[in-house]
Structure formats: structure tokens, C-alpha cells
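Right, one structure below, let's go through it.
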Amino acid sequence: MQSTQTLLTTALPALQPLSKSGFIAQVRAFAAVMWREWFHFVRYPTWIIAFIIWPILFPAVYILGAFSLAGPTGAGIDVFLKTAGTTNFLGYIVVGTTVWMWINTMLWNVGFALREEMMRGTLESNWMSPTSRFYFLIGTGPVHAATMVMFLICTIVEFKLIFNLDFNANLLSLLVVIITALPALYGMGFTFASVVISARESQNFVFLIRGIVMIFCGITYPLSVMPGWMQSIANWIPPTVMIRVGRAAALNHATIPELAPDLFLLLLHGAFWMLFGYLAFVMIERRARRKGSLGQY
Amino acid sequence: MNHSLSQPSLRSHLRALWMITVLNWKHHWRYPLSAVSDVFQPLIWLAPVYFMGQAFSVNGKAEGFAGYAGTTDYMSYIIVGTALANFIMAVFWGMGFSLKWDMNGGVLEANWLSPLPRPLMLVGRTFSSIATTSITSLGMILVAKLLWGFNPIGDLWPALLTLLPLLIGLYGFGFAFAAVVMLMREANTLVDSGSFIIQILSGANFPVTVLPKWLLPVSLALPLTYGFDAVRGYLLKTPTLLPLQWELIILVAFMFVMIFVGLRTFYALERRVLQKGSIGQY
């Protein structure tokens, strides 16, 4: 009597997977994920309203607050100059709040990418396809980054037109800052997406992370007004560095050599968070396979 | 003869109102992480405001701010505004989405078949929303006092009495808003930006006199502006935009107008839904 293994090898000699998952196929799948994300983004036209309203609306709370603190005679501006080193509190706030909005939308979009698919019931079937599962996550990053560049352009135009804000930007430095910040930012997003995939009341994790950024990273004030222990924590958070180099490039016309130490630090943060994001994803994927929990939420 | 099996009375209506209130109260506390988050979220938003205030202050006194607000106690001014803004958020997000959530949950149709006056469902929700928002606002004020200091030098009771017409008017608006949100398919942008704009224009985070000249009339046309102003006037002894009696008259008028508008809009929606038979669709 033949063993089962012999039977299988003799009866089904040519049993091979139907898919041929080569490099080109992987690239095509990655492009398809990005295309799906883009299509999903433009499918709901309320994004146009959001892009017009939010660049002004969110910073407005802090900007008008800063105007009230400056006082009708501008008495508070001298105090701000002493603590922040600039009288341009308008630009100072705009850069900080824009970085915060970037992180906020990244958490809701990239950070919830896997969980949204889980809720829609498509994660399980997508993960059965012979595509690298990590692509389903990282495919959301470039699309979000592209939409945020559009958002940045809207911000610059609106503040120039409405507040006549003098940016004094070094555009090349600004571009390098944005590119350098991407790995750290989206590495954090991928880590977050992996962690919250099966969490209940997961929106509270967004509130927590964006709250940490809001409190520690100096979005509207110089770090020097915080207690020493808070400044120590702030220096370990990538958005602090992003805001610092962003302000230097956008408001003080800083050159790339001047920004080099902070840019290098951002790259280090990027390498760490990308690796950490990947490891978190691998761990979650293995756990999901073992527990069969992908279809549950 | 056409007799209904139900025998609704004032007593049964009150019982139903109580049950709706308890249901929403339980629903709120069923998610403890969200309830705690309700206390800490405003504090997180306040942190950058506090540190920004520090960047403009000398020895904790915001002298420039006093030129607009009549007080150097920047944080007390902001904390009062944030506590009141919590109710705006509760009306926009909680009341605004209440009918739509029932609709999405598939229970709106069944609820509307019960022999109850339909606005009662929103009244019950209003009671629980005011109770939960008051508790979370109180918690927020206590933590904020510990962290940054909160020094109301004025009278508490007149300030609380001023809150009454303000809140009733606000929740009256919530009736109309709930009806509008239910009719829309995607209302998040409307609710999110709407609540933010109202907060900015009513001066939750700064004196409205800071607003650009072209925007100030819009702010002064909002009764909420006078509500924020009067409560601060009583609690912090800040100078008010109008004499306090006038601000109170505006708030009482706002209350009656909003109850009327809220109910009229709600009944108009009910009629439309009955005509279209669309209550089960979303």
C-alpha cells in the first residue's frame, strides 16, 4: 500500500501554485494598492472642502490666541521674542500646527489602513493573495504623502493671501526636510497601524499619540518654556526635530549644511521607525495566522 | 371604532423619558476608555495653549492679554471657555449624530413605532448628554486646576444660572442639527468644521475683539458669544461686551427661539420621512 505522500507525488506530480509571484508582479501589486488608495481618496469630494478649510481653521485657534496674548499694543511680542527668538509668531505657529495636522491625518489614514480593511472584511481575502502583505500597509504611505504635499501648498497659498505671511523659505532646504522626514513619520504610522489592528476603542490610541505630539513637540511654543524633564522627552520624538528644521527652513532661510545635524538625526529616527514598523507588522501577522483572528473585530 | 392598544399618558411618557435618559447614560459609560478620554482630550488641547501663554507671559502674568480681556489670568479665561466648548462639541457630535446612529443601528424605525412623542427621544438624550458633559467638564476643570491653576474670583451661582438658557438654547439647536445630519449621507466634515468654526467665532479660546474687523459682526451675531462672555463676566469679573442684563436677555431669547426652531425642523423632518418612507434607509 502506497503512503499518502507517495500518492500525492504520483497522482499530482505537477501541483504548483497558480500564481507566479515575481519581482514585476510584486511591483504591479504595490502600484495597485497605491492606485486603490488614491481612488478611495478622490472618491469622496469632501476632501476638497477639507483642504480649503483646515489649513486656516486649525492654526486659527492658536494664531488668534497668540494675537490676544500679544495684546492691542503688541506688548507681548517682546516677551515672545525673548523666549522664541523671533517676532514672527504667526509663521512659528503655522509650521508647528501643519506638522501636527500631517501626523494627525497620517494616524487616521495610514494608521487605520489595516483596521479599516478588517472592518470592511477585505483584509483576510487580500492577505490570501500571493503579494507581500507588507505592501498592503506601505502602499498607503506614498498616497498620503502626496495628498499632504497638496495640503502644504494650500497652506502656503492661503496664509500668503489671507495673512500676508512672510515665509522667507529656502525651498530646496524645505524639500529636503520633507523628504528626510518621511521615513520617520511613516515608520511611526506603520508601527501604529500594526499595533491598533485588533484594539477596541482604537480611536483613543490616535488621541493618545497626537496628544503626545501636541503637548511635547512645541507646535505653538519654544521648548524652553517647558520643564526640563519634558524637554528631555521631546528631544526623543521625531516630530520635535521635524518642527525645528521645518521652522528653520521655512522661516529663517536655513541652508542644507546648517540643517545637516538635524537632518541626520531625522534619518536615524527614520531608520529606527521603519525597522520597528516592519518588525511590529511581522509580529502581528504571525500572531494573526496563529490565532486565526483576522476576520474578527 | 379604532382603538389603539397602547394607552399613553403623562406618566408613561415620563417613564419612557427616564428610560431613554438611562439608556444613553449607560451607553456613555459602557466605553470607559472613551469616557476618560473625554476628560483628558480638552486638557491635551489646552497644553499647547498653556505653554504658548507662558511664551508671552512674565512671571505667569499675560500683560498683553489683559489689554483685550481685562485679566492677566490667561489660563482661567481659557479653562472656562474650554468647559463651555465641551457642550458645543457634545451638541454637534452627540446630539447631531444621535438620530443617524439609531438609523445605522437599525433601531430608529422600531423606536418611532412606539406610542411616544418623537422629540422625547432627543429630550432624553439631552438630559444624559448634559449630565455626562457636566461631569467630564468638571473633571477637566479639576485636573486643569491642579496642573495650571484655576482662580475664579467671581460668583459661581449667577454663572451657573446664566448657563441654563445657554444650554437649553444650544440643545434646541441640537434638535434641528440632528435632523439635518440624519438627512445627509456624509456629515463628518460638516460637523467637524461646524463645531470648530462656532468655537472660534464665539470666543472659546480668546476674546472675540481679537477677530478681524470683517469677522467680528458674525461673532457678535451669535448668542453663544454673549453666553461665554457673561459666564466669564460673573466667574472671572472680566469686562463684558454688553451690560450683563442685556446679555442675559439675549440668552433667554436665544433659548426660546432655538427650542422653536429645533422642534419645527424636527417635525418637518418627521413629515418628510413619513412621506418618503425612508427611515430604514441610509
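Laboratory data are not the source of any read-out in this text; all were calculated from the coordinates shown. Owing to the predicted nature of the structure, the values given are computational and were not obtained by experimental measurement. Methodologically, a virtual Cβ is constructed for each residue, glycine included, from the backbone with ideal geometry; neighbour enumeration extends over all protein chains shown.
For the range B:160-194, give me each residue that is of a type outside the set (A, V, I, L, M), more than 16 Å from B:Trp93 (Cβ to Cβ) and either surrounded by 14 or more Cβ atoms within 10 Å (Cβ to Cβ) or within 12 Å of the chain's Cα centre (by Cα) (or both). Break it down into steps so the answer makes sense when it comes.
Here is the first cut: in the range B:160-194, the residues of a type outside the set (A, V, I, L, M) are B:162, B:165, B:169, B:171-175, B:177, B:185-186, B:188-189, B:192-194.
Of the ones still in play, those that are also more than 16 Å from B:Trp93 (Cβ to Cβ) are B:162, B:165, B:169, B:172, B:185.
Within the range B:160-194, B:Thr162, B:Pro165, B:Gly169, B:Gly172 meet the criteria.
Could you look through the range B:200-217, keep only residues that are among the hydrophobic types (A, V, I, L, M, F, W, C) and at the interface with chain A (Cβ under 8 Å from one of its Cβ atoms), and pick out the one that is surrounded by the most Cβ atoms within 10 Å (Cβ to Cβ)? Walk me through how you get there before you give the answer.
Restricting attention to the range B:200-217, the residues satisfying the condition of being among the hydrophobic types (A, V, I, L, M, F, W, C) are B:200-201, B:204, B:206, B:208, B:210-211, B:214-216.
After this cut, where a residue has to be at the interface with chain A (Cβ under 8 Å from one of its Cβ atoms) as well, the list is B:200, B:206, B:210-211.
On the way: B:Ile200: 19, B:Phe206: 26, B:Val210: 24, B:Leu211: 21.
Among residues in the range B:200-217 that are among the hydrophobic types (A, V, I, L, M, F, W, C) and at the interface with chain A (Cβ under 8 Å from one of its Cβ atoms), the one surrounded by the most Cβ atoms within 10 Å (Cβ to Cβ) is B:Phe206.
Name the single residue, out of those in the range B:228-246 being in a helix (DSSP H, G or I) and free of Cβ contacts under 8 Å to residues at least 60 places away in the same chain, that is nearest to the chain's Cα centre (by Cα). Explain how you work it out, then say what you get.
Quick first cut of the range B:228-246, residues in a helix (DSSP H, G or I) only: B:228-236, B:244-246.
Among the residues that remain, those that are also free of Cβ contacts under 8 Å to residues at least 60 places away in the same chain are: B:229, B:244-246.
On the way: B:Asp229: 16, B:Leu244: 21, B:Gln245: 22, B:Trp246: 22 Å.
This residue is B:Asp229.
Which one of these is more than 14 Å from the chain's Cα centre (by Cα) and more than 20 Å from B:Asp102 (Cα to Cα): B:Thr136, B:Thr225, B:Thr209?
Numbers: B:Thr136 fails: more than 14 Å from the chain's Cα centre (by Cα); B:Thr225 fails: more than 14 Å from the chain's Cα centre (by Cα).
Checking each option against the conditions leaves just B:Thr209.
Collect the residues in the range B:46-68 that are among the hydrophobic types (A, V, I, L, M, F, W, C), part of a helix (DSSP H, G or I) and facing chain A (nearest Cβ under 7 Å), keeping them in residue-number order. Quick ask: steps written out before the conclusion?
Filtering the range B:46-68 down to residues among the hydrophobic types (A, V, I, L, M, F, W, C) leaves B:46-47, B:49, B:51-52, B:55-56, B:58, B:62, B:65-66.
Checking the rest, the ones that are also part of a helix (DSSP H, G or I) come to B:46-47, B:49, B:51-52, B:55, B:65-66.
Result: B:Ala47, B:Val49, B:Phe51, B:Met52, B:Ala55, B:Phe65.
To keep it simple, each residue is scored yes or no on (1) of a type in the set (D, E, K, R); (2) surrounded by 13 or more Cβ atoms within 10 Å (Cβ to Cβ).
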position	(1), (2)
B:Asn111	no, yes
B:Pro119	no, yes
B:Ser134	no, yes
B:Ser137	no, yes
B:Leu142	no, no
B:Lys145	yes, yes
B:Phe150	no, yes
B:Pro158	no, yes
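Quick one: in the range B:32-43, of everything that is at the interface with chain A (Cβ under 7 Å from one of its Cβ atoms) and under 19 Å from the mean Cα position of the chain (by Cα), which residue is farthest from A:Asn204 (Cα to Cα)? It would help to see each step written out before you state the result.
To start, the set of residues in the range B:32-43 that are at the interface with chain A (Cβ under 7 Å from one of its Cβ atoms) comprises B:33-34, B:37, B:41.
Narrowing further to those that are under 19 Å from the mean Cα position of the chain (by Cα): B:34, B:37, B:41.
Details: B:Ser34: 7, B:Ser37: 7, B:Gln41: 10 Å.
Restricting to residues being at the interface with chain A (Cβ under 7 Å from one of its Cβ atoms) and under 19 Å from the mean Cα position of the chain (by Cα), the top hit is B:Gln41.
For a quick check of your reading: which helices (runs of 4 or more DSSP H) sit entirely within the range B:83-199 and have at least 1 residues that are more than 14 Å from chain A (Cβ to nearest Cβ) and closer than 20 Å to B:Phe260 by Cα? Even if it seems obvious, please write down each step before you answer.
Working: elements: B:98-105, B:108-112, B:119-148, B:156-183.
Fully inside the range B:83-199 and qualifying: B:98-105, B:119-148, B:156-183.
Of all the residues that make up the range A:157-183, how many are in contact (Cβ under 8 Å) with a residue 12 or more places away in the chain, under 22 Å from A:Ile93 (Cα atoms) and not polar (S, T, N, Q)?
15
Condition first: within 14 Å of chain B (Cβ to nearest Cβ) and either assigned to a helix (DSSP H, G or I) or of a type in the set (A, V, I, L, M, F, W, C) (or both). Can you find one or more residues in the range A:118-133 that meet it? If you could, list the steps in order and put the result at the bottom.
Restricting attention to the range A:118-133, the residues satisfying the condition of being within 14 Å of chain B (Cβ to nearest Cβ) are A:119.
This time we only want the ones that are either assigned to a helix (DSSP H, G or I) or of a type in the set (A, V, I, L, M, F, W, C) (or both), so: A:119.
Scanning the range A:118-133 turns up at least one residue that is within 14 Å of chain B (Cβ to nearest Cβ) and either assigned to a helix (DSSP H, G or I) or of a type in the set (A, V, I, L, M, F, W, C) (or both).
Looking at the range B:72-82 only, could you name the residues that are among the β-branched types (Val, Ile, Thr), within 14 Å of chain A (Cβ to nearest Cβ) and more than 19 Å from A:Gly74 (Cβ to Cβ)? Spell out how you get there, then give the answer.
If we filter the range B:72-82 for residues that are among the β-branched types (Val, Ile, Thr), which is where we start, we get B:72, B:78-80, B:82.
Within this subset, residues satisfying the condition of being within 14 Å of chain A (Cβ to nearest Cβ) are B:72, B:78-79, B:82.
The answer is B:Ile78, B:Ile79, B:Thr82.
Which one is nearest to A:Val143 (Cα to Cα), of the residues in the range A:30-62 that are free of Cβ contacts under 8 Å to residues at least 60 places away in the same chain and among the β-branched types (Val, Ile, Thr)?
A:Val42
Which residue is farthest from the other protein chains (Cβ to nearest Cβ), if the candidates are limited to the range A:47-73 and must be surrounded by fewer than 17 Cβ atoms within 10 Å (Cβ to Cβ) and more than 22 Å from the chain's Cα centre (by Cα)?
A:Thr73
Going by the conditions given, is A:Ile162 assigned to a helix (DSSP H, G or I), under 30 Å from B:Lys213 (Cα atoms) and of a type outside the set (Gly, Ala, Ser)? Write out each step before concluding.
Values: assigned to a helix (DSSP H, G or I): yes; under 30 Å from B:Lys213 (Cα atoms): yes; of a type outside the set (Gly, Ala, Ser): yes.
Against the criterion (assigned to a helix (DSSP H, G or I), under 30 Å from B:Lys213 (Cα atoms) and of a type outside the set (Gly, Ala, Ser)), A:Ile162 qualifies.
How many residues, within the range A:215-229, are crowded, with 16+ Cβ neighbours inside 10 Å and part of a helix (DSSP H, G or I)?
Step one: filter the range A:215-229 for residues crowded, with 16+ Cβ neighbours inside 10 Å, giving A:215-223, A:225-226.
From what's left, part of a helix (DSSP H, G or I): A:215-216, A:223, A:225.
Adding up the residues that qualify gives 4.
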